[in-house]
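The values are calculated or read from the model by the stated rules, or taken from the named source; none is laboratory data. Every value quoted in this text rests on a predicted model; they were computed, and no experiment measured them. No Cβ is skipped: glycine too gets one built from the backbone with ideal geometry, and neighbour counts run over all protein chains shown.
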Amino acid sequence: MNNKTLIYSIISTTIIVTLLMPGLYGQLPSPPQAEPVALVNGTVVTVSGETIDQGTVLFKNGEIVAVGNDVNIPDDAIIEDMEGKFLYPAMVHSGTYLGLMEVSRVREASDIVEFGEINPNVRAEVAFNAESRHIPVARTHGIAVAIVMPTGGIISGMAAAMLTDGWSWEEMVYQSPIAMIINWPSTRNASEYHKNIEKLDDAFQKARRYHKAKKIASTEHFHATDARWEAMMPVLERDIPVIINASGYKQIQAAIEWAEKENLKIILSGVNQADLVIPHLKEKDIPVIINSVMTGPSRQWEPYDQSLSVPAKLHEAGIRFVISGESSAANTIRLPNHAAAAVAFGLPEDEALKSITLYPAQMFGIDDRMGSIEEGKDASLIIADGNLLHLSTQIKQVYIKGRKSDMTDQHKIFYEKYREKYERMEKR
């Protein structure tokens, strides 16, 4: 072994040992719940019903079995006194690159885009990096499920609902596929726009022909499998929706008309001008994912609160929506901040809370397990020292499917490190 090889070996070993030392980085995934757990003496914000003062939530095997003021706690239960704190359902992030992107400016650390423009067979969960340092941070900030989405091209692929706790992507899949992603072409260049729409139409025509051929095929008439069109079968059968990213009002209107022609279930995302097409959205009963509430206007003629006031306007119009915040993995933790900003610009506080818990669970068909504190649902819960939408509130503990999360993360490690640094400086 030459000197260069020896140095590389030492460096590699040092990095591996450093990453494996719990005091320096990371968390071990939590083990499955072994004993019943009762969270007592807290304000239970059920979201779907009444808030319960001095309430108790009992869960076994990762499932909530009782909620209320008069809960019969079994003798073998672990009792956790919330000491007047607040209990919320864990949050659902409705659109993120969490697990697909580590460092946005490093190409090798980003796996959100595949080559080509028509990629319905791309599965977000397969590219999900369970060792991403952003995942523990998201978990300790109360996000239990993330709707992880690929991007790029015209048809980007399939989104997946991923847990933020687990050893591997296989273990962390909550539900997949959960939706197919389409990026609606820009209308700025008419020629390019029509070319891209033709590609989209062609993809759906081929998928429908494939779907029809597969249905009538028998053992005597073999039909070869095409992964692209096979992946689109749940979309064509309306088992899962299509999430269409469309920003401007012209794109929104065109996307709605196209989806109606194709008989698809759709969810509109990235619609920063959704308030300009409220009658259309209302008439067609189309749900909306609102991205980045905390941003400025994208056009000179728009008021400063264009994005901030959209949630309140959609709520007043009776349009179904969720708030997803930012797609960046590093900014996943700012989800409740976006909901809080919408409250400051007219959205009722209870609606803001539902937009990051119950409503996304309903939108993606996982509300039988997530989104509120009810008997029979997963014990995915947040204990906080105050209102979840207040910036000063600290999340003290997170449970995911009954598993008590290690609340260490890279942010807290750096906080303790540099607090120690300045304490030492003061002692000099």
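When residue 239 is tested against (1) buried (at least 17 other Cβ atoms within 10 Å of the Cβ); (2) within 28 Å of residue 363 (Cα to Cα), only condition (1) is not met.
Could you go through the stretch 360-372 and let me know if any residue there is surrounded by 24 or more Cβ atoms within 10 Å (Cβ to Cβ), β-branched (Val, Ile, Thr) and at pLDDT 95 or above.
no
Quick one: in the stretch 390-416, of everything that is of a type in the set (Ser, Thr, Tyr) and in a loop (DSSP other than H, G, I, E, B), which residue is nearest to residue 34 (Cα to Cα)? Among them, the one singled out is 405.
Could you go through the stretch 327-344 and let me know if any residue there is closer than 21 Å to residue 124 by Cα and free of Cβ contacts under 8 Å to residues at least 12 places away in the same chain. Yes: the stretch 327-344 contains one or more residues that are closer than 21 Å to residue 124 by Cα and free of Cβ contacts under 8 Å to residues at least 12 places away in the same chain. Looking only at the stretch 313-343, residues that are crowded, with 24+ Cβ neighbours inside 10 Å and over 19 Å from the mean Cα position of the chain (by Cα) come to 1 in all.
Taking the criterion of being in a loop (DSSP other than H, G, I, E, B) and aromatic (Phe, Trp, Tyr), the residues of the stretch 294-333 that qualify are 301, 304. If you go through the stretch 128-167 and keep only what is small (Gly, Ala, Ser), out of contact with any Phe, Trp or Tyr (no Cβ under 8 Å at 6 or more places or on another chain) and more than 22 Å from residue 411 (Cα to Cα), you end up with 152, 153, 156, 157, 159. Taking the conditions (1) farther than 13 Å from residue 145 by Cβ; (2) in contact with a strand residue (DSSP E or B) (Cβ under 7 Å, 6 or more places away or on another chain); (3) at pLDDT 95 or above in turn, residue 329 satisfies each one other than (3). No other residue among 178, 135, 155, 182 is under 30 Å from residue 390 (Cβ atoms), buried (at least 24 other Cβ atoms within 10 Å of the Cβ) and not acidic (Asp, Glu) apart from 135. Considering the stretch 275-312, and only residues there that are among the hydroxyl-bearing types (Ser, Thr, Tyr) and out of contact with any strand residue (DSSP E or B) (no Cβ under 9 Å at 6 or more places or on another chain), the residue that is surrounded by the fewest Cβ atoms within 10 Å (Cβ to Cβ) turns out to be 304. Out of all the residues in the stretch 162-184, is one or more touching a Pro at 6+ places or on another chain (Cβ under 6 Å) and more than 21 Å from residue 366 (Cβ to Cβ)? The answer is yes, given that some residue of the stretch 162-184 is touching a Pro at 6+ places or on another chain (Cβ under 6 Å) and more than 21 Å from residue 366 (Cβ to Cβ).
Evaluate the stretch 246-257: report whether one residue or more is over 23 Å from the mean Cα position of the chain (by Cα), among the acidic types (Asp, Glu) and closer than 22 Å to residue 147 by Cβ. Within the stretch 246-257, not a single residue is over 23 Å from the mean Cα position of the chain (by Cα), among the acidic types (Asp, Glu) and closer than 22 Å to residue 147 by Cβ.
All of 416, 423 fail the test of being more than 20 Å from residue 134 (Cβ to Cβ), out of contact with any Lys or Arg (no Cβ under 8 Å at 6 or more places or on another chain) and surrounded by fewer than 23 Cβ atoms within 10 Å (Cβ to Cβ), apart from 423. Screening residue 366 with (1) closer than 23 Å to residue 38 by Cβ; (2) under 19 Å from the mean Cα position of the chain (by Cα) gives one miss only, at (1).
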